[in-house]
Amino acid sequence: MDITKAIIPAAGLGTRFLPYTKAIPKEMLPLLDKPAIQHIVEEGLSSDIKQFLMITGRSKEAIANHFDIAPELEHFLQERNKSHFIAGIDRIIRQAEFAYIRQAEPLGLGHAIWLARHHIGKEYFGIFLPDDIIVGKQPGLAQLMRVARQEKASVIAVQEVPLECASSYGMVAIKKQITPNLFQVSHLVEKPERKDAPSNLAIIGRYVLSHKIFQALDETGTHAGGELQLTDGITQMMKLNEKVFAYKVQGTRYDIGTPIGWLKATMGLALQHPEYTSHMRKYIDEFHTMQSGLYDSSKNILHDI
Ligand code: G1P
C-alpha cells in the first residue's frame, strides 16, 4: 500500500485563540523556534510522506510563504555565513512538494477534505489536523500507516479521554477489540453529549483513509449549521465496505488550538529539547523557590521619569 500524500486542513479561523489569530494563521504559532505547521510537516516527512496538500483560506498566505524559498533572505544569510539559520526549512522545501487549495467558505472539516478529491486519486492518504501535535518515539502518522498496511484498511488515531470531554471530540463506537491498542470501529459520533458517547475513545488529529472517503462525503448530508463532518463521512465510508480501525497512538498529544494547550506544548517540547531543557529546568526550579521572574510589587523599581 503506497501512502505518499497527506492533506493538512488549515483553513480554520482559530477562534479558540483570538485575538492572536485575527491576522496571523494559528498554524504559524511558534513552538520553540518553528511554526507549529513545520512540526506537522516534519512528522509527515519522517513518515515518508512526500506530497502535502494544504487546505487554506483567506489570510493564510504566511503558510505558503514559509514553505517557499526566499531568495533575498538566502542571499543575505549566505553573505554573513549564517545560512544554518534556515537550513532545516530549506531541506524541507527541497524534500517535499506542497500544493494549496483554498476553502472559500467554512463548510466543515469534511468539506475541506472533499476539496482534495482530484489531488489524491485512488490511493490511501494521510490527514494531519494541525491543532494536534504528537510527540513520540515513532511519528504519529507512521504508526497509523503501519496499521493501515497490516489491516489493508483505513485507520484513525484515538486516545482515551474523560467522558465529560466527549463533546469536544469525534468519539468512536467499537465493533471489536483486536489488541489492547487496536479496535475495529462500528461508527463515529461527532461531539456527543457525555450520555451519548459510545466509548471513551476520542479521535485525535491523524487519519489514514481510503480514497472511498470522497464518494462517502458526496453521499453524506451536511449537519445543521451547514457543516460537512469528516466523522459522518467516515461512518458513511464503512457502508461502502471499507473497514475502519482506531489505533491508540503511542506518544504525547497536545491540542495547541487553545492558549493553555499551546503553553503545555511549548513547555513539553522545551523540556525535551537538548538546547532548552537545562534552562527550562532551572527556571522551573526557580518557581519552586520563589526566585522566579514573576512580578513582585515589593521589588518594584521606581523611576522618576
Ligand atoms: C476535529 C474533528 C474531531 C476530532 C478533533 C481532534 O474537531 O472534527 O472529530 O476529535 O478534531 O482534534 P475540531 O477540534 O476541529 O472541532
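The values are calculated or read from the model by the stated rules, or taken from the named source; none is laboratory data. Remember, it's a predicted structure, so these values are computed and weren't measured experimentally. Here Cβ is always computed from backbone atoms with ideal geometry, including for glycine, and neighbour counts include all displayed protein chains. For accessibility, only protein heavy atoms count, side chains too; no ligands or nucleic acids. Shrake-Rupley method; radii C 1.70, N 1.55, O 1.52, S 1.80 Å.
Working from the alpha-carbon coordinates of region 265-305, get Rg over Rh, Rh being the Kirkwood radius.
1.19
According to a simple spin-label model (label point 7 Å from Cα along Cα-to-Cβ), what is the distance in nm between Gln150 and Phe85?
Between Phe85 and Gln150, the label points sit 4.5 nm apart.
I'd like the Kirkwood hydrodynamic radius of region 149-247, using the inverse of the mean 1/r over distinct C-alpha pairs, in Å.
Roughly 13.5 Å, rounded to one decimal.
Which whole number of Å³ per residue matches the convex hull of the alpha-carbon atoms in region 1-70?
Per-residue hull volume (Cα only) is 104 Å³.
Asp285 to His119: FRET efficiency via 1/(1 + (r/R0)^6), r the Cβ-Cβ distance, R0 51 Å, to the nearest 0.05?
0.55
Where in region 133-158 is the amide nitrogen less than 13 Å from a point lying 7 Å along the Cα-to-Cβ axis of Ile174?
Under 13 Å, as judged by backbone N against the label point of Ile174, lie 158 of region 133-158.
Subtract the Cα-Cα distance of Ala104 and Lys22 from 0.36 nm times their separation in residues, and report this length gain in nm to one decimal.
Result for the pair: 27.8 nm of gain on full extension.
Carbon and sulfur atoms: what percent of the 1.4 Å accessible area of region 1-55 do they account for?
55 percent
When the convex hull of the Cα atoms of region 168-305 is projected onto a plane and the area is averaged over all directions, what value comes out in nm²?
Approximately 15.7 nm², given one-decimal rounding.
Work out, step by step, the length gained on full extension between Phe76 and Val135: first 0.36 nm times the residue separation, then minus their alpha carbon distance; give nm to one decimal.
The Phe76-Val135 span can extend by a further 17.9 nm.
In square nanometres, what is one fourth of the surface area of the convex hull spanned by the alpha carbons of the chain?
Taking a quarter of the hull surface, the average projection is 20.9 nm².
Modelled label-to-label distance, Ile301 and Asp48, 7 Å Cα→beta-carbon offset: nm?
It is 5.6 nm.
Largest first and to the nearest Å, give the Cα extent of region 1-128 along each principal axis.
Principal extents (largest minus smallest coordinate, Cα): 47, 41, 23 Å.
Counting only heavy atoms of protein chains, what accessible area per residue, in Å², does the chain have with a probe of 1.4 Å?
With the other protein chains kept in place, the chain gives 54 Å² per residue.
Using a 1.4 Å probe on the protein chains only, how many percent of the accessible area of region 148-206 belongs to carbon and sulfur?
About 47 percent, which is the carbon plus sulfur part of the accessible surface.
Taking Rh as the Kirkwood radius computed over C-alpha pairs, what is the Stokes-Einstein D of region 70-194 at 37 °C in a medium of viscosity 0.692 mPa s, expressed in µm² per second?
In µm²/s, the coefficient rounds to 177.
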